[in-house]
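Worksheet: the structure to be examined is printed underneath.
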Amino acid sequence: MEFPHVASIRDFYAFEEHVKTCRKHRGLEMASQWYQAPVFYFSNPVCVIGHDAAVKAPHGSSALDYELEIACIIGESARDLPADDSAMDVVAGFTIMNDWSARDIQRIEMAVGLGPSKSKDFATSLGPVVVSFDKLRDHYRDGRLHLEMTARVNGKEYSRGNSGSMYWSWPQLLAHASRDTMLRPGDVLGSGTVGTGCILELTPEAVGGWLQPGDIVELSVEHIGALRNSVVAN
């Protein structure tokens, strides 16, 4: 399927393992509010890059991280969708998403209680293709796609998870995103990071540090493909 023009990006926080682990690293318990609604932040569609594109860390950052996600692409306009399987009728397909993060900048932003913003506002990778939901339907159960996901840096496996481990389902994400507003063709909904799916969660000490110029990051999702990007100096 041809990759559409990206109209907007909502990136959710749908994997409980990722949220729990990252909060634990900061000495925090899970926030009870996380279980009340599938929260998201808006990212910048102008910063979308594709397969094999180069990525630069933002100016002043020395803590570049990848985030292993899948994303759905909206194919039909809709508003106030129900949180059931009928919501999937508006989905054109799914792709791989790398929600690049500058963790040192993000730490400052989140301490203030607003964001993330500039810690994300430099690159979001999508691709390499959009696979129609019809072609993935055999892997769809209980509102979730059950697909193996991996991340490799310079050929070494860092992350492995399954998209079926999402706490919040795709119909729930679609219902929340469309509440009181229109979803339009080309809108992107990211799943958030799968468990183990970033250096922050694994800890930089465990994997030898943050990403550096010259590193090759490859995210793979079963039945979708592999999204590869190279890190270059700013």
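The values are calculated or read from the model by the stated rules, or taken from the named source; none is laboratory data. Computed from a predicted structure; not experimentally measured. Cβ: placed from backbone, ideal geometry, glycine included. Neighbour counts: every protein chain shown. In case anyone asks, the SASA skips ligands and DNA or RNA and just uses the protein heavy atoms, side chains included. Shrake-Rupley method; radii C 1.70, N 1.55, O 1.52, S 1.80 Å.
Kindly indicate whether residue 220 is within 17 Å of residue 99 (Cβ to Cβ) and open to solvent by 10 Å² or more (accessible area, probe 1.4 Å).
Details: within 17 Å of residue 99 (Cβ to Cβ): yes; open to solvent by 10 Å² or more (accessible area, probe 1.4 Å): yes.
Yes.
Name the one entry in 77, 119 that is open to solvent by less than 10 Å² (accessible area, probe 1.4 Å) and farther than 20 Å from residue 161 by Cβ. Steps first, please.
Values: 77 fails: open to solvent by less than 10 Å² (accessible area, probe 1.4 Å).
Among 77, 119, only 119 is open to solvent by less than 10 Å² (accessible area, probe 1.4 Å) and farther than 20 Å from residue 161 by Cβ.
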Selection from the stretch 22-47 of residues that are in a helix (DSSP H, G or I) and either open to solvent by 70 Å² or more (accessible area, probe 1.4 Å) or within 23 Å of residue 143 (Cβ to Cβ) (or both) | 24, 25, 32, 33, 34, 35, 46
Examine the stretch 76-87 for a residue that is out of contact with any Ser or Thr (no Cβ under 6 Å at 6 or more places or on another chain) and within 30 Å of residue 210 (Cβ to Cβ), and state whether such a residue exists.
-> no
Among the candidates 83, 71, 92, which residue alone is open to solvent by 10 Å² or more (accessible area, probe 1.4 Å), in a strand (DSSP E or B) and touching a residue at least 24 places away in the same chain (Cβ under 8 Å)?
-> 92
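Take residue 207 and decide whether it is farther than 11 Å from residue 68 by Cβ, open to solvent by less than 10 Å² (accessible area, probe 1.4 Å) and either among the aromatic types (Phe, Trp, Tyr) or modelled with pLDDT of 95 or more (or both).
Numbers: farther than 11 Å from residue 68 by Cβ: yes; open to solvent by less than 10 Å² (accessible area, probe 1.4 Å): no; either among the aromatic types (Phe, Trp, Tyr) or modelled with pLDDT of 95 or more (or both): yes.
Answer is no for this residue.
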Residue 49: passes all of (1) closer than 12 Å to residue 100 by Cβ; (2) in contact with a helix residue (DSSP H, G or I) (Cβ under 6 Å, 6 or more places away or on another chain) but (2)
Single residue of the stretch 48-66 satisfying the filter (open to solvent by 20 Å² or more (accessible area, probe 1.4 Å) and not in a loop (DSSP other than H, G, I, E, B)) that is farthest from residue 231 (Cα to Cα) | 48
Taking the stretch 170-200 on its own, how many of its residues are open to solvent by less than 10 Å² (accessible area, probe 1.4 Å), hydroxyl-bearing (Ser, Thr, Tyr) and either in contact with a Cys (Cβ under 8 Å, 6 or more places away or on another chain) or part of a loop (DSSP other than H, G, I, E, B) (or both)?
-> 2
Only one of (1) surrounded by fewer than 16 Cβ atoms within 10 Å (Cβ to Cβ); (2) closer than 21 Å to residue 167 by Cβ is not met by residue 134, so which one is it?
-> (2)
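Of all residues in the stretch 95-134, how many are assigned to a loop (DSSP other than H, G, I, E, B) and farther than 18 Å from residue 218 by Cα?
The number of residues fulfilling the criteria is 10.
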